């Protein structure tokens, strides 16, 4: 049987500081990690307050970093980013602030590049099936349905 390490408050605090320094984290991720360390609620709250006071944990910074990363690297649309941030219990204010990190020009340029690349990659002779595959792909990625349907109709013509 493998025994799990028992953390003192100071050890847990240092471990969580390293966890937050490695990459931006949200409160929910830190809370989950502290639960895994078997910390009692009072200690979890104490450590989270410490992290916020020493700027290891910043929800707005996390949201902005998350939005930029998912848009630039995974080519997610604003709806998917919003959904994922809500899942991580980020406030509406911070979500709006994070979405401002994505410029409208970059957003449309990225959307058009992604749609055209995927359209050319779909090997389907039936136009309706090709339209469906493309729109499903773009909608899953979180792009707005109005944008998706306009682009699909433009490409299929």
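Considering only residues that are in contact (Cβ under 8 Å) with a residue 12 or more places away in the chain and assigned to a helix (DSSP H, G or I), look in the range 31-44 and name the one that is surrounded by the most Cβ atoms within 10 Å (Cβ to Cβ).
Here is the first cut: in the range 31-44, the residues in contact (Cβ under 8 Å) with a residue 12 or more places away in the chain are 31, 33-34, 37-39, 43-44.
Then drop every residue that is not assigned to a helix (DSSP H, G or I), which leaves 31, 33-34, 43-44.
Values: 31: 18, 33: 18, 34: 23, 43: 17, 44: 18.
Step by step, filter the range 31-44, then rank; the result is 34.
For the range 134-148, enumerate the residues that are touching a helix residue (DSSP H, G or I) at 6+ places or on another chain (Cβ under 7 Å) and surrounded by fewer than 15 Cβ atoms within 10 Å (Cβ to Cβ). Give the derivation first.
Filtering the range 134-148 down to residues touching a helix residue (DSSP H, G or I) at 6+ places or on another chain (Cβ under 7 Å) leaves 134-135, 137-139, 141-145, 147-148.
Answer for the range 134-148, where residues must be touching a helix residue (DSSP H, G or I) at 6+ places or on another chain (Cβ under 7 Å) and surrounded by fewer than 15 Cβ atoms within 10 Å (Cβ to Cβ): just 145.
Taking the residues in the range 118-139 that are under 20 Å from residue 81 (Cβ atoms) and free of Cβ contacts under 8 Å to residues at least 12 places away in the same chain as candidates, determine which candidate is farthest from the chain's Cα centre (by Cα).
Here is the first cut: in the range 118-139, the ones under 20 Å from residue 81 (Cβ atoms) are 118, 135-139.
Remaining after also requiring free of Cβ contacts under 8 Å to residues at least 12 places away in the same chain: 136, 139.
Working: 136: 20, 139: 16 Å.
Looking at the filtered set, the residue picked out is 136.
Out of 90, 73, 81, which single residue is within 23 Å of residue 20 (Cβ to Cβ) and exposed (fewer than 11 other Cβ atoms within 10 Å of the Cβ)?
Numbers: 90 fails: exposed (fewer than 11 other Cβ atoms within 10 Å of the Cβ); 81 fails: exposed (fewer than 11 other Cβ atoms within 10 Å of the Cβ).
Residue meeting the stated conditions: 73.
Among the candidates 47, 95, which residue alone is buried (at least 16 other Cβ atoms within 10 Å of the Cβ) and assigned by TED's automatic domain parsing to the domain that holds residue 21?
Numbers: 95 fails: assigned by TED's automatic domain parsing to the domain that holds residue 21.
Every option except 47 fails the conditions.
Taking only the range 98-133 into account, find how many residues are in contact with a helix residue (DSSP H, G or I) (Cβ under 8 Å, 6 or more places away or on another chain) and loosely packed, with under 11 Cβ neighbours inside 10 Å.
Counting residues in the range 98-133 that are in contact with a helix residue (DSSP H, G or I) (Cβ under 8 Å, 6 or more places away or on another chain) and loosely packed, with under 11 Cβ neighbours inside 10 Å gives 1.
Under 22 Å from residue 138 (Cα atoms), at pLDDT 95 or above and either out of contact with any strand residue (DSSP E or B) (no Cβ under 9 Å at 6 or more places or on another chain) or outside the structural domain of residue 145 (by TED's automatic domain parsing) (or both): is that true of residue 75 in this structure?
On the way: under 22 Å from residue 138 (Cα atoms): yes; at pLDDT 95 or above: yes; either out of contact with any strand residue (DSSP E or B) (no Cβ under 9 Å at 6 or more places or on another chain) or outside the structural domain of residue 145 (by TED's automatic domain parsing) (or both): yes.
For residue 75, the condition - under 22 Å from residue 138 (Cα atoms), at pLDDT 95 or above and either out of contact with any strand residue (DSSP E or B) (no Cβ under 9 Å at 6 or more places or on another chain) or outside the structural domain of residue 145 (by TED's automatic domain parsing) (or both) - is met.
Restricting to the range 50-63, give me the number of residues that are surrounded by 13 or more Cβ atoms within 10 Å (Cβ to Cβ) and not in a helix (DSSP H, G or I).
Matching residues across the range 50-63 total 3.
The values are calculated or read from the model by the stated rules, or taken from the named source; none is laboratory data. Model, not experiment: these values are computed from the prediction. Cβ sites come from the backbone with ideal geometry, for glycine too, and all protein chains shown count toward neighbours.
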